[in-house]
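The values are calculated or read from the model by the stated rules, or taken from the named source; none is laboratory data. Bear in mind that the values here come from a model prediction, so they are computed numbers and not experimental data. Neighbour counts are summed over all protein chains in view; Cβ atoms, including those assigned to glycine, are modelled from backbone coordinates with ideal geometry.
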Amino acid sequence: MIKFALIVLIILVSMVLIPILAIWLIGDRGKIHPSTWKGMMTWGWRSIFGVNGIHMYVYGRWTNWYIHTLRYHIQPRLGIKGHKWLRDHYHGKVLTHEQAEAIIMHDHDIEHHDLEQIIPYPMVRDLVLKGPPDVVAYDCSCRMSRKDHCEPTQVCMIIGQPFVDFILEHHPKTSKRLTQAEAIELLQAEHKRGHMHSAWFKDACLGRFYVICNCCKCCCAGIESMMKYGSPMMASSGYVIQIDEQRCTTCGNCVEICPFDALSMKDSIEISWEKCMGCGACTSQCPSEALTLVRDEKKGIPMDVRLMN
């Protein structure tokens, strides 16, 4: 029943959107934006004018509206099967700070076709990165969907082509191309704020990795999906947190900052292995440096480009 309803909804939405998209695709002075042409050439006409292509264009063109609608009008009504469908088509991999920096700093092309071992979702196919990567900072749609949101907002990092050019051309006021040094500086600033890094994949991008998000627990829709609706949209980094009890002063900073409620405090700090996603957000907030990330094979394989060929 849910599947049939989704098919009907997609058909109805397509009937409305196709004429609108035909107008928006033309752009200024009767010309399609070069980045839109690039997307068409990359994925093919069948993909662009199919449901996935329309989905991709709407997502990239009206990102804030898309996330706001998904967050406040669709997610609360999805049900268990609906959340599973959403999780399988739109999901992320938690990154440690070092893994996120490694993606920005890599200097060679990477084509990895074994992502099923890294991201345990059926949609993922491969990872393609050109080194050094093109990077653009873009307004975080999760933060923008909150009335009282965190600052700064320009913290989503779009990675690679044709995504970078598409965002720059369609959102010139809310996006900015970054050098490698600027991208690393952004990552470091967000890490110091206690925010976590995550790599995201989407079906409309043909299973491609396309963005590094810098997520705060109060605004991130992906974290909300996991914590509020029980939809595991993020895969673990492959690490878990470890506490040096001799250094720990039980200040409670780590408990407050943890996005997944994996830490609690009684007489000492306690860790929930099941909840810990290995993001390392807590490590930047520990004044006594009592927290470290340690590799745990039971948590999955890390998405570490330094280990990919």
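Scanning region 62-80 for residues that are over 16 Å from SER225 (Cβ atoms) and surrounded by 18 or more Cβ atoms within 10 Å (Cβ to Cβ) returns a single hit, THR63. Of a type in the set (A, V, I, L, M, F, W, C) and in contact (Cβ under 8 Å) with a residue 40 or more places away in the chain - does that describe any residue in region 220-227? Scanning region 220-227 turns up at least one residue that is of a type in the set (A, V, I, L, M, F, W, C) and in contact (Cβ under 8 Å) with a residue 40 or more places away in the chain.
Here is a check on your reading of the model: is ASP88 in contact with a Pro (Cβ under 9 Å, 6 or more places away or on another chain), charged (D, E, K, R) and farther than 19 Å from LYS202 by Cα? No; evaluated as a whole, the condition is false for this residue.
Just checking, how many residues over region 50-103 are outside any helix (DSSP H, G or I) and under 16 Å from TYR210 (Cβ atoms)?
Step one: of region 50-103, the residues outside any helix (DSSP H, G or I) are 50, 62, 78, 90-96.
In the following step, the residues that additionally are under 16 Å from TYR210 (Cβ atoms) were identified as 90-93, 95.
The total comes to 5.
In the set ARG77, ARG29, ARG46, only one residue is modelled with pLDDT of 90 or more, in the same structural domain as CYS142 (by TED's automatic domain parsing) and more than 17 Å from the chain's Cα centre (by Cα); that residue is ARG77. Close contacts from region 162-187, counting a first residue that is at negative phi and a second that is aromatic (Phe, Trp, Tyr), with Cβ to Cβ under 6 Å and a gap of 6+ residues or different chains, come to PHE163/TYR210; ILE167/TYR138; SER175/TYR138. LEU186 meets each of the listed conditions (1) touching a Lys or Arg at 6+ places or on another chain (Cβ under 8 Å); (2) outside any loop (DSSP other than H, G, I, E, B) apart from (1). When PRO232 is tested against (1) modelled with pLDDT of 95 or more; (2) more than 14 Å from MET303 (Cβ to Cβ); (3) out of contact with any Leu (no Cβ under 8 Å at 6 or more places or on another chain), only condition (1) is not met.
Please state which one of GLY238, GLY230 is surrounded by fewer than 24 Cβ atoms within 10 Å (Cβ to Cβ) and of a type in the set (Gly, Ala, Ser).
Numbers: GLY238 fails: surrounded by fewer than 24 Cβ atoms within 10 Å (Cβ to Cβ).
One residue alone meets the criteria, GLY230.
Give the residue that is surrounded by the most Cβ atoms within 10 Å (Cβ to Cβ), with candidates limited to residues of region 165-179 that are of a type in the set (A, V, I, L, M, F, W, C) and within 16 Å of TYR57 (Cα to Cα). Outline the logic, then answer.
As a first pass, look at region 165-179 and keep what is of a type in the set (A, V, I, L, M, F, W, C): 166-168, 178.
Filter once more, so that each one left must be within 16 Å of TYR57 (Cα to Cα): 166-168.
Working: PHE166: 23, ILE167: 26, LEU168: 18.
Out of the qualifying residues, it is ILE167.
Within the option set ILE243, ILE212, being touching a residue at least 40 places away in the same chain (Cβ under 8 Å) and not assigned by TED's automatic domain parsing to the domain that holds GLY79 holds for one residue only, ILE243. Residue check: is SER268 closer than 18 Å to GLY92 by Cα and of a type in the set (Gly, Ala, Ser)? It is false that SER268 is closer than 18 Å to GLY92 by Cα and of a type in the set (Gly, Ala, Ser).
If we only count strands (runs of 3 or more DSSP E) wholly inside region 227-290, which ones have 1 or more residues that are out of contact with any Lys or Arg (no Cβ under 8 Å at 6 or more places or on another chain) and charged (D, E, K, R)?
269-271
Close contacts from region 140-160, counting a first residue that is under 12 Å from HIS195 (Cβ atoms) and assigned by TED's automatic domain parsing to the domain that holds SER198 and a second that is among the basic types (Lys, Arg) and surrounded by fewer than 23 Cβ atoms within 10 Å (Cβ to Cβ), with Cβ to Cβ under 9 Å and a gap of 6+ residues or different chains, come to CYS142/ARG71; CYS150/ARG193. For region 154-180, a residue qualifies if it is closer than 21 Å to ASP126 by Cα and among the β-branched types (Val, Ile, Thr), and the qualifying residues are ILE158, ILE159, VAL164.
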